[in-house]
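Only one structure is covered here, and it is reproduced in the block below.
The values are calculated or read from the model by the stated rules, or taken from the named source; none is laboratory data. Quick caveat: nothing in here was measured; it's all calculated off a predicted structure. A quick note on method: Cβ atoms are made from the backbone with ideal geometry, for glycine too, and the neighbour counts reach across all protein chains shown.
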């Protein structure tokens, strides 16, 4: 069996790229992908839920940039913009109304993820230390664990 030519390989890559840009009828801007709305303090669980949901829709590449924006003169450009806008709407649908205003003026689907990570994904060292101290000093008196619970 002969190996595929460079032209055939290029065609396969184009097909894969177009598959990632293809939208199904049920994929519309009103879809809510995850039930836990981002309120800030739940960033880690929200982020993981969004990654899973976007991966199932084959749209995670718009966040990770493994599916980069094509050149403006390419035939995939308009479809990429439409699909990226769809991903933006899915993300915005899962952000609390209290904090959504800071995310409305974004240019691509990667931006809200970077902004939320910068705002809410940062570890709070003093709080972690305080909680660890409280856990370490917690006691149940003289009772055994089984008797206490």
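Observations
- The stretch 35-46, residues that are surrounded by 16 or more Cβ atoms within 10 Å (Cβ to Cβ) and in contact with a helix residue (DSSP H, G or I) (Cβ under 7 Å, 6 or more places away or on another chain): 38, 43
- Qualifying residue in the stretch 97-113 (condition: surrounded by 15 or more Cβ atoms within 10 Å (Cβ to Cβ), assigned to a helix (DSSP H, G or I), touching a strand residue (DSSP E or B) at 6+ places or on another chain (Cβ under 7 Å) and at pLDDT 90 or above): no
- Test: residue in the stretch 12-33 that is over 16 Å from the mean Cα position of the chain (by Cα) and at pLDDT 85 or above: no
- In the set 80, 90, only one residue is surrounded by 15 or more Cβ atoms within 10 Å (Cβ to Cβ), under 16 Å from residue 46 (Cβ atoms), modelled with pLDDT of 85 or more and touching a helix residue (DSSP H, G or I) at 6+ places or on another chain (Cβ under 9 Å); that residue is 90.
- Pair list, Cβ < 7 Å and 6+ apart or interchain, from the stretch 120-134 residues that are within 16 Å of residue 43 (Cβ to Cβ) to residues that are at pLDDT 75 or above and assigned to a loop (DSSP other than H, G, I, E, B): 120/40
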